[in-house]
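Reading through the C-alpha cells given below for one structure.
Readers should treat all values here as calculations from the given coordinates under stated rules, not as data from a laboratory. Remember, it's a predicted structure, so these values are computed and weren't measured experimentally.
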Amino acid sequence: MTDLVSILGLDTGLGHFGYAVLSFHRSESSGRLALTAAGGPVFSVITTNKSDKKRQVAATEDNIRRCRELTPPLLRLIHPSSGLNVRALIVEAMSFPRNASAVAKIGMAFGVVAILSEVFNLPVVQLSPQEVKKRLCGRQNASKEEIQSVVSLLYPMTVGVVSNGLAEHAYDALAVAHASLDTEVVRMVRQIVV
C-alpha cells in the first residue's frame, strides 16, 4: 500500500500525443481520498515530426522512428522512479478516421501504449469518445470546446500550462482520465491508497 497512486490519461497520436496524470492521495486534514491533477511535466503533449522530405525516408520507417520518440517520455512517466506510482493507462478508444494513413498512425501510437502496458503490467482502460463526452458534459455530442471548458473548470491548475496549438491533446488526455474515475479498474486503483 502507498500514500499516492496515479492513472495516466493518454490522447494517442503519432504527431501529437497528449498525456495527463491524475493522482489520488489521502488528505491529511480530512482523511478522505483527494484527487489532483498535477501541472507542468505531467500534463503535456509529446510531439514528433515527419522526416524532411529531402531525406527520402520511407513512410513506414519514419513512423517507426516517431514511435521510438514517443516511448522515452512515456517510460519516464510510468517508471517507478518517477514517483507518480502509475497504476493504469486510460485511453480514448480508437475511432477510425476516413484517411487510411491516419488510421495507421493512430494504430502505431496505440502499439506504443500496448507495449508499455505489457512492460509495466498495467491495465488499459478504453472509453469511447461518446462515453467521455457523456460523462463530462452529460451528452454524447458535446463539442471539443465544451469538453475543454469542463476540464478547465474541474482542473483550473492546468489552464495555460500547454500552448494553445497543442492544448487540445493534453485536455483530451485529462478528459479521458477524468471520465474513467467510475470504471471498475480505477475504483480498484483508488483502493490502493491507505
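In whole percents, the pair-distance distribution calculated for region 91-194 from its alpha-carbon pairs, binned every 10 Å from zero, is 13, 38, 39, 9, 0. Specify the inter-centroid distance of region 62-93 and region 124-185, based on alpha-carbon positions, in whole Å. Each part reduced to its Cα centre gives a spacing of 19 Å. Among the lysines of the chain, pairs that are 8 or more positions apart or on different chains and have alpha carbons within less than 21 Å of each other number 4. Shown in residue order for region 116-131 are the 3J(HN,Hα) couplings computed by the Karplus curve 6.51 cos²θ - 1.76 cosθ + 1.60 at θ = phi - 60°: 4, 4, 5, 4, 9, 6, 10, x, 10, 9, 10, 10, 6, x, 5, 5 Hz (x for Gly and Pro).
Our coupling estimate for region 6-21, obtained by passing each phi through the Karplus curve with A = 6.51, B = -1.76, C = 1.60 and θ = phi - 60°, is 9, 10, 10, x, 10, 10, 6, x, 7, x, 9, 10, x, 8, 8, 10 Hz, Gly and Pro reported as x. Scalar couplings 3J(HN,Hα) for region 67-75, obtained by applying the Karplus form with A = 6.51, B = -1.76, C = 1.60 to θ = phi - 60°, are 4, 5, 6, 5, 5, x, x, 5, 4 Hz; x denotes Gly and Pro. Size descriptor for region 68-111, Kirkwood hydrodynamic radius: 12.3 Å (Cα pairs only, one decimal). With kT/(6 pi eta Rh) evaluated at 4 °C and eta = 1.567 mPa s, and Rh the Kirkwood radius from Cα pairs, the chain diffuses with a coefficient of 75 µm²/s according to Stokes-Einstein. Estimated from helical segments only, the mean residue ellipticity of the chain at 222 nm is -14000 deg cm²/dmol, where each DSSP H run of four or more residues counts as -39500 (n - 2.57).
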